[in-house]
Amino acid sequence: MNAVKKPSVLVCVTGQYDCDRLIEAGFEKAAEEGLALHVFCVHTPTNDLTSFSDELEYLYRTAKDLGADMTVSFSHNAPGSAADFAHKVNAKYLITGVPDERPNGFVLTLHKLLPRMQITMVTKEGDKLLYSLEATKRAYA
């Protein structure tokens, strides 16, 4: 019999230094709710990690300093990988960044894959303005 893992906050990051703000927002939510904290990063498969290895190391240290683990995955299906990981860690909340100026397929697809999960997006501005896609009662058709 598999034991149910403690509910958690899942933070989805990219290999950018400024994703530390997402980890910090996740830490605040996890502390407020008494939940575990996990950080997840998905990249397309590559043979050259040098272009973002320093950034990943920085984010790993940030996560560790805040008591979280960080998992890096390589996939051509980032939303699917993130949704699978969310189930694996029993995520109750998901935190990610706000899309730049184009529609964000990642967040919208995640919302379709995880319709019962609140997805919170954190802006790049220092004011930590948050936008949320609330959980729905029914799955998408």
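The values are calculated or read from the model by the stated rules, or taken from the named source; none is laboratory data. None of these values were measured; they are calculated from a predicted model. Counting neighbours? That spans all protein chains shown, and the Cβs are built from the backbone with ideal geometry, glycine included. Remember, those area values only see protein heavy atoms, side chains included, never the ligands or the DNA or RNA. Shrake-Rupley method; radii C 1.70, N 1.55, O 1.52, S 1.80 Å.
Taking all pairs of different Cα atoms in the stretch 8-61, averaging 1/r and flipping that mean, what Kirkwood radius in angstroms comes out? Walk me through the numbers on the way to the answer.
Values: mean 1/r = 0.0847 Å⁻¹.
One decimal place: 11.8 Å for the Kirkwood radius.
With every protein chain present, what is the per residue accessible area of the stretch 1-112 (1.4 Å probe, Å²)?
With the other protein chains kept in place, the stretch 1-112 gives 56 Å² per residue.
Taking K and R as +1 and D and E as -1, what net charge do the other residues with C-beta under 13 Å from the C-beta of L35 add up to? Display every interim value, and only then the final one.
Details: positive: K5, K6, K29, K92; negative: E28, E32, E33.
Net charge around L35: +1.
What's the percent breakdown of Cα-Cα distances in the stretch 3-116 across 5 Å bins, shortest bin first?
2, 12, 23, 24, 22, 12, 4, 1, 0
Going through the stretch 1-101, which trypsin sites (Lys or Arg not before Pro) have at most 16 other Cβ atoms within 10 Å and a DSSP loop state?
Here the trypsin sites (Lys or Arg not before Pro) that fit, given the DSSP loop and packing criteria, are K5.
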